[in-house]
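All remarks here apply to the structure that follows.
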Amino acid sequence: MIEVEGLFHKYKGNDSYSVKDVNFKIEKGEIYGFLGPSGAGKSTVQKILCGLLDVQQGIVKFDGKSIKSQRKDFYEKIGVSFEFPNLYEKLTGYENLNFFRGLFKKETEDPKMLLERVGLADSMNKKVREYSKGMKQRLVFARSIINKPDILFLDEPLSGLDPTTAKQIKKIISERKKEGTTIFLTTHNMFVADELCDRVAFINEGAIVASDTPKKLKLKFGNSSIKIEYKKDGRKFEAIFFIDVDDEKERFKKIIDKSEIITIHSGEASLEEIFIKLTGRELI
């Protein structure tokens, strides 16, 4: 469905590459997670895939056809949910969806139905400038699926949402997958990725450092870990250690000897812990 080979991208005025030799394939009907901290290159790759940035170096194909040769009907097939809402704030929620609905030639979803599904039915006639951040995020998500896309690009789709609304959005995403929609999801939330994604790729400083199913990544890289919460010099800290690694074991012993331990838990490695192990960075 989607093939990416040798993708590089450099922003004007920047000497270093934001995306470096990125390669991956996404099958039809698959949820593929692109995971990494802010500035890792996630959004840059997404913008290239949906045509907002040109391909500078490398190959991007949809169903074997280069993105460079795609025509206007390509945008009939895709839906995009941005992390930072880009909406017409002088229009109501319903007017926003109805406007975007009119941009497509194909059959679209009923705006009122979508607003109800994302919990905005009671606010559909309210101006978007009066919406909270979470409400705007829900509206952007609803807009991304109004054209019944074959490919859905989701950038931090659960950002700013309360647990109940997030659960509903995850349900809709899972439904779209079952209907055959191919989904490219970028996030720094490893719990969301673990729950939703068929396969994930860890991206750090523009490069993919590992890619597989969440289960296989845990089996391959996941060692027993210890998470502690401790106090030092009157301040509270948290840390994760992989005690089968000599350096980690020594660091763990030093904290135990010199700090006040508040809590300590052991368990199998999470995706977040594996990311930290592979990159030395936390997902912030």
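Observations on the structure shown:
- A search for C-beta distances below 6 Å between a residue of segment 248-267 that is in a loop (DSSP other than H, G, I, E, B) and any residue that is surrounded by 12 or more Cβ atoms within 10 Å (Cβ to Cβ), counting only pairs 6+ apart in sequence or on different chains, returns Ser259/Tyr230.
- Filtered residues of segment 113-147 (kept if under 27 Å from Gly180 (Cα atoms) and exposed (fewer than 14 other Cβ atoms within 10 Å of the Cβ)): Met113
- Of the helices (runs of 4 or more DSSP H) lying entirely inside segment 1-118, the ones with 1 or more residues being within 26 Å of Glu272 (Cα to Cα) and in contact (Cβ under 8 Å) with a residue 40 or more places away in the chain are found at 42-49.
- Consider segment 178-196 and keep the residues that are closer than 18 Å to Asp63 by Cβ and either assigned to a strand (DSSP E or B) or of a type outside the set (S, T, N, Q) (or both). The one that is nearest to the chain's Cα centre (by Cα) is Phe184.
- Selection from segment 190-225 of residues that are modelled with pLDDT under 90 and in contact with a strand residue (DSSP E or B) (Cβ under 8 Å, 6 or more places away or on another chain): Met190, Lys220, Phe221, Ser224, Ser225
- Residue that is most open to solvent (accessible area, probe 1.4 Å) [pool: residues in segment 15-56 that are in contact with a Gly (Cβ under 7 Å, 6 or more places away or on another chain) and of a type outside the set (Gly, Ala, Ser)]: Lys28
- Close pairs (9 angstrom Cβ cut-off, 6 or more residues apart or separate chains): on the phi > 0 side of the Ramachandran plot in segment 168-189, assigned to a loop (DSSP other than H, G, I, E, B) anywhere: Gly180/Lys28; Gly180/Gly29; Gly180/Asp150
- Meets criteria (among the hydrophobic types (A, V, I, L, M, F, W, C) and within 25 Å of Ser123 (Cα to Cα)) for Ile208: no
- Residue ID - modelled with the highest pLDDT, chosen from residues in segment 254-269 that are open to solvent by 100 Å² or more (accessible area, probe 1.4 Å) and farther than 21 Å from Gly222 by Cβ: Glu260
The values are calculated or read from the model by the stated rules, or taken from the named source; none is laboratory data. It should be emphasised that the depicted structure is a prediction, and the values quoted were computed from it without experimental measurement. Positions of Cβ are backbone-derived with ideal geometry, glycine not excepted, and every protein chain shown enters the neighbour counts. We work out accessible area using only protein heavy atoms, side chains counted, and drop any ligands, DNA or RNA first. Shrake-Rupley method; radii C 1.70, N 1.55, O 1.52, S 1.80 Å.
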